[in-house]
Amino acid sequence: MSQSVSLQPAENKNWRNIFILFSILILIIMPALSHSYGQTGDEWIQIDYGQFIWDYFFKGDKQALDFTNKQFQYSHQEYYGGVFDFPMTVLHHWFPSIGLLALRHFFNSILGALLMVFTGLLGFRLTKRWSVGVIALLFIIFSPRIFGEGMNNPKDIPFATGFTIAMFFLISLLEQMPRKFWRNVIGLGLGWGLAFGLRAAGGVLFVAYLVLFTALYYILNKDWKETLQKDNKKLLKKLVLGLFVGVAIGYIIGLSTWPWGMQSPISNPLESLKGMANREVSIRVLFEGQYFRSDRMPWYYELKWIFISNPVIVLLGAVLFVVLSLQIRKRYGTFVVIVLLFSALFPLLYMIYKHSTVYDSWRHVFFVYPYWVVMGAIGIDMIGTFIKNPKLNWVPPAIAIVGLLPAIVWTIRSHPNQVVYFNELQGGVKGAYGKYDLDYYQNSGYQAAQWIEQNAKPVPGRKIVVLTNLSGVNRYFEKDSSWIAADYQRWNNRHVRAYDYYIAYPRFISVEQLESGTWPPAGATVHKVEVDGVPLCVVVEQKNKDGILAAEAFEKKDYATAAQKYASFVQTDNSDENAYMNYAISLASIGQIDAGIQAIQRAAQIDPSRPEFFQIMAQLYQAKGDTNAAQNAMNQAQSIMMKEPEEE
């Protein structure tokens with residue numbers, strides 16, 4: 001090759017053995033731990049999608065082609081391939097005795113482990129140094145969010161795995177050509193097929209990478225170019241054939257489990273690419289202590305998430321890579337620097353340019369993180385170039401391990417809630433509480449459900465009722481359905497239904513409630529799932545059923561009865577803001593204005609972000625004749641409404 005690449009000192013051969021050892025360990029440990037993790041917030045949709053694809057192939061059902069008849073959570077589900085969900089459904093049909101969630105998380109964790117292994121291999125492939133591969137492997141293993149989501153994220157992790165595998169084999173194909181030709185072609189096809197079969201849009205992106213990086217390698221390496229041109233361009237033709245075959249293999253794999261893609265194999269993947277660039281579904285997202293609409297996030301949303309939720313040593317290494325990029329170019333070549341910087345940054349910059357809809361941290365761009373990790377590993381390894389004494393070659397790996405120690409300890413200590421990791425730049429989980437969504441993917445709900453199974457006592461003649469603001473909790477109680485029934489109920493309307501336990505997580509709870517400590521409710525909470533003293537999920541017990549009778553009377557406009565029952569209810573649960581709101585209206589409706597003002601003030605104290613509380617307060621003050629207090633309350637309501645994220 002004609003790139004200006006400096007000679008590198010030989011490294012200890014044991015690094016390769018260390019890499020193999022860690023790779024084997026992570027491939028064993030992650031599946032062994034996967035049973036401890038809960039389902040993700042939209043995994044129930046993925047489970048349904050796998051069944052819809054099964055029904056398409058075996059029953060002729062067309063649901064998998066069009067989801068306009070479903071609720072908004074299914075919006076454009078047909079844009080996704082079924083390369084993970086459908087095989088999991090098939091295996092569950094074959095082995096119904098194995099729990100579907102356990103089955104899915106077992107294979108999800110294998111793909112998560114493979115993401116880590118191939119990130120390390122990519123580090124080795126680009127530098128030819130197993131020590132860099134080991135550092136990269138350790139960096140991504142102990143990136144807690146990747147470790148945690150590697151267990152149960154059925155879209156972003158498998159996609160990142162496929163993308164990374166495809167990239168590794170593409171670079172191997174270019175560097176080793178014509179050696180190991182078919183191994184690299186098949187590996188490229190399998191990796192791209194996994195990525196394309198999950199997100200066609202991302203699969204199309206990789207094809208662009210393939211063309212770009214192949215052309216770049218061809219331009220930068222004159223000796224390699226001349227070799228390909230020999231014998232009437234025999235090797236060049238073979239390379240083009242290999243790339244085409246690899247893409248074809250992946251294309252077939254991706255389409256084979258994608259009914260909607262099969263209907264129009266060219267135009268539908270392109271439509272998916274267009275649709276994925278800007279999702280139509282917009283939700284509220286907590287970021288920097290305030291709520292935004294997910295289609296109107298600050299431009300730096302994904303970048304900031306990357307910098308506050310990954311180990312500082314990885315980020316420092318990546319920054320060092322940029323600072324030392326000229327030295328790295330001399331040592332490893334221009335191709336390495338361009339590939340890593342482009343792959344790490346281009347998708348993020350493109351999303352900023354397109355004003356893409358983003359939410360739920362940076363999980364949609366997990367596929368860029370391996371390049372940040374490899375840059376971090378190379379950056380730390382480059383410290384060794386400033387050390388002249390060969391006996392001190394151990395210093396860069398030692399810096400990497402020491403710098404990673406806080407994340408290693410936290411990963412072990414927080415199990416199985418690694419997904420809520422925040423680094424020291426954000427002040428850890430405590431510093432992020434009330435400013436960012438923590439367990440946005442609802443992993444901790446499983447631990448709350450386990451607590452109920454272990455502590456709830458069967459009630460003769462009826463089932464234990466569990467309500468929740470999480471998705472799909474009923475799946476946790478499938479084996480206990482003879483005595484436990486679970487259903488969804490909005491948190492701030494929980495008093496209108498009878499329940500024994502309520503599983504709650506703080507997503508969409510107001511910032512004011514989180515910061516003031518009024519959530520979770522102290523008197524009613526019987527169990528907390530916590531990390532670093534911060535509640536991720538809680539179990540609340542209903543100690544008084546009068547709220548149900550009060551709500552029924554309120555609905556019938558029997559305000560006297562409603563006021564009486566609400567008075568009884570709030571004696572045992574003084575944390576339900578909607579109950580206090582209805583209580584205030586009921587009191588005012590029977591002429592007890594002062595008592596109504598006290599009740600609505602309590603509602604506003606619990607959740608001061610609700611403008612309707614202050615609007616009602618203004619009306620009650622107006623009815624009392626206190627125009628100054630009424631105006632102050634109305635001003636407060638208007639101030640809140642100006643801060644709220646705009647609805648579509």
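What's the ranking of 333-339, 442-448, 485-491, 229-235 by average number of surrounding C-beta atoms within 10 Å, highest first?
Highest to lowest by the protection proxy: 442-448, 333-339, 485-491, 229-235.
What is the Cα coordinate range of region 90-135 on the first, second and third principal axes, sorted by size from largest, in whole angstrom?
So the three principal-axis extents are 46, 15, 9 Å.
With only alpha-carbon pairs counted, each pair once and no self-pairs, how large is the Kirkwood hydrodynamic radius of region 1-156 in angstroms?
17.9 Å
Could you tell me which residue out of 56, 266, 344 lies farthest along the dipole of region 31-420 toward its positive end? Charges go on the beta carbon: Lys and Arg +1, Asp and Glu -1, centred on the Cα centre.
Final value for the positive-end residue is 344.
Which residues does a label at residue 631 reach in region 579-620, if reach means a backbone N under 19 Å from a point 7 Å past the Cα toward the Cβ?
Under cut-off, by backbone N: 614-620.
Roughly how many nanometres apart are two label points built 7 Å out from the Cα toward the Cβ at residue 97 and residue 638?
Rounded to a tenth, the inter-label distance reads 7.0 nm.
Any idea what the dipole of the chain comes to, in debye rounded to 20, about its Cα centre with Lys/Arg Cβ at +1 and Asp/Glu Cβ at -1?
2840 debye
Determine the relative contact order of region 275-337: mean sequence separation of Cα pairs under 8 Å and six or more apart, normalised by residue count, in whole percent.
15 percent
Taking the alpha carbon gyration tensor of region 214-323, what are the square roots of 5 times its eigenvalues, largest first, to the nearest whole Å?
They are 39, 28, 11 Å, listed from largest to smallest.
How far apart, in nm, are two points set 7 Å out from the Cα along the Cα-to-Cβ line at residue 245 and at residue 266?
Here the answer is 2.5 nm between the modelled labels.
Per residue and in cubic angstrom, what volume does the convex hull of the Cα atoms of region 344-447 have?
139 Å³
Just the accessible area for residue 349, please: 1.4 Å probe, Å², rounded to the nearest 10?
Probe radius 1.4 Å; accessible area of residue 349 about 100 Å².
Might you work out the accessible area of residue 516 for me, using a 1.4 Å probe with all protein chains in place, and round it to the nearest 10 Å²?
70 Å²
Tell me, in nm to one decimal, what length is gained between residue 345 and residue 208 on full extension, where the rule is 0.36 nm per residue of separation less the Cα-Cα distance?
Fully extending the segment from residue 345 to residue 208 adds 47.8 nm.
Per the Kirkwood formula on distinct C-alpha pairs, the Rh of region 551-610 is how many angstrom?
By the Kirkwood definition, the hydrodynamic radius is 11.1 Å.
Compute the distance in nm between two label points, each set 7 Å from the Cα along the Cα-to-Cβ direction, one at residue 220 and one at residue 70.
For residue 220 paired with residue 70, the spin-label model returns 4.3 nm.
Give me the Å³ per residue figure for the convex hull around the C-alpha atoms of the chain.
171 Å³
Work out the FRET efficiency for residue 284 and residue 24 from their Cβ-Cβ distance, taking R0 = 56 Å, and round it to the nearest 0.05.
0.80
Keeping all protein chains in the complex and leaving out DNA, RNA and ligands, what accessible area do you get for residue 180 with a 1.4 Å probe, in Å² to the nearest 10?
Its accessible surface works out to 110 Å², give or take rounding.
From the P(r) of region 443-541, could you give the percentage of C-alpha pairs in the tail past 16 Å?
Tail fraction, whole percent: 53.
Mind pulling the angle between the C-alpha long axis of helix 200-220 and the longest principal axis of the chain? Nearest 10 degrees, somewhere in 0 to 90.
30 degrees
If the chain between residue 235 and residue 493 were fully stretched, how many nm would it gain, using 0.36 nm times the residue separation less the Cα-Cα distance?
Working it through step by step, the gained length comes to 86.0 nm.
Once region 284-392 is represented by equal point scatterers at the alpha-carbon sites, with solvent omitted, what log10 I(q)/I(0) does the Debye formula produce at q = 0.12, 0.21 Å⁻¹?
Here the Debye-derived log intensity ratios amount to -0.49, -1.09.
Taking a cut-off of 16 Å, what percent of all Cα-Cα pairs in region 446-492 are separated by more than that?
32 percent
Can you give the Kirkwood hydrodynamic radius for region 97-227, in Å, rounded to one decimal and based on Cα pairs?
One over the average 1/r among Cα pairs gives 15.6 Å for region 97-227.
Starting from the Cα-Cα distance between residue 128 and residue 354, subtract it from 0.36 nm times their residue separation and give me the gain in nm to one decimal.
77.7 nm
Just need the relative contact order of region 385-513 here, percent rounded to a whole number, with Cα pairs under 8 Å and 6+ apart.
Reported relative contact order: 21 percent.
Restricting everything to alpha-carbon atoms, can you work out Rg to Rh for region 490-576 with a Kirkwood hydrodynamic radius?
Rg divided by Rh gives 1.02.
The values are calculated or read from the model by the stated rules, or taken from the named source; none is laboratory data. Worth saying up front: this structure is predicted, and the values here are computed from it rather than measured. Neighbour counts are summed over all protein chains in view; Cβ atoms, including those assigned to glycine, are modelled from backbone coordinates with ideal geometry. The area values use the complete protein model at the heavy-atom level, side chains included, leaving out ligands, DNA and RNA. Shrake-Rupley method; radii C 1.70, N 1.55, O 1.52, S 1.80 Å.
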